[in-house]
Amino acid sequence: MSRLTIACLALVAGCAGNSKIVSLAEPAIAPPVKSYVDEIKTWTRHGDMLHDFDATIIVDATLHSPEFRAAYISKYLDVYKVGDNTREIAVAGIPNAPDSYEFHVETQTHAWEINELKPPKSLWRITLIDDRGREVTASMVKAEKTRPEFLQIFYPYSNLWARPWRILFPRNLDDGTPLVTPDTKSLTLRIAGPAGNVDLLWRLK
């Protein structure tokens, strides 16, 4: 087993049991590049759905919070050795959805034909739920076409057997009220279908 494989397995194990309370506030300062692995562990969750001892679906998801986005930008600028004079241009080229809750999600399934999250072909319903049970459905599910070499640098749990996705959720409920308020205790990303569901939980300050 390679060192990279061992490192990725350790990362996934850490994410699976992550119960750290996190904040969706803007960070006071951008996290340093050297803390990127810690940021990935903080903002990534891992889950799976088993059926007859077989994994129906395995999910890894990273919440692109303001803190994680700041860490991602720091990592991107370091990887590509971006100079100060072109920093703003480079940052502007990084996808951003300030009016949405954004996730990078990777899925693996026991059958390739069900590893499809994008409607209308998908068997899965994807929602974001607060601790009161209020939910919003995904406003965008997009298959990532990024090269695996890039993904494995920024999302170390990524592998050749998984499909990567960019998923966005609206910040407001249908009645216009915000999903997340100062009293919100958690957010859950739920992927549900005929075989069951996977819930990934982020506890909030």
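Conditions (1) modelled with pLDDT under 95; (2) aliphatic (A, V, I, L, M); (3) surrounded by fewer than 13 Cβ atoms within 10 Å (Cβ to Cβ), marked per residue:
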| residue | (1), (2), (3) |
| --- | --- |
| SER23 | no, no, yes |
| ALA28 | yes, yes, yes |
| SER35 | no, no, no |
| TRP43 | no, no, no |
| ILE58 | no, yes, no |
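Please find, among LEU168, LEU151, LEU179, LEU189, the residue that is aliphatic (A, V, I, L, M), modelled with pLDDT of 95 or more and farther than 24 Å from ILE114 by Cβ.
Selected residue: LEU179, the only one of LEU168, LEU151, LEU179, LEU189 that is aliphatic (A, V, I, L, M), modelled with pLDDT of 95 or more and farther than 24 Å from ILE114 by Cβ.
Listed here are the residues, each with its yes/no results for (1) of a type outside the set (S, T, N, Q); (2) out of contact with any Pro (no Cβ under 9 Å at 6 or more places or on another chain); (3) exposed (fewer than 13 other Cβ atoms within 10 Å of the Cβ).
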site	(1), (2), (3)
VAL82	yes, yes, no
ARG87	yes, yes, yes
TYR101	yes, no, no
LYS121	yes, yes, yes
ASP130	yes, yes, no
GLY133	yes, yes, yes
GLN152	no, yes, no
TRP165	yes, yes, no
LEU168	yes, yes, no
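Looking at (1) in a loop (DSSP other than H, G, I, E, B); (2) under 22 Å from LEU201 (Cα atoms); (3) within 17 Å of the chain's Cα centre (by Cα); (4) not basic (Lys, Arg), find the lone condition where ILE94 falls short.
That leaves (2) as the condition not met.
Quick one: which of PRO156, PRO119 is of a type outside the set (Gly, Ala, Ser), assigned to a loop (DSSP other than H, G, I, E, B) and modelled with pLDDT of 95 or more?
Just one listed residue meets the conditions, PRO156.
The values are calculated or read from the model by the stated rules, or taken from the named source; none is laboratory data. This structure is a prediction, so every number in the text was calculated from the model and none was measured. We place every Cβ from the backbone using ideal geometry, glycine too, and count neighbours over all the protein chains shown.
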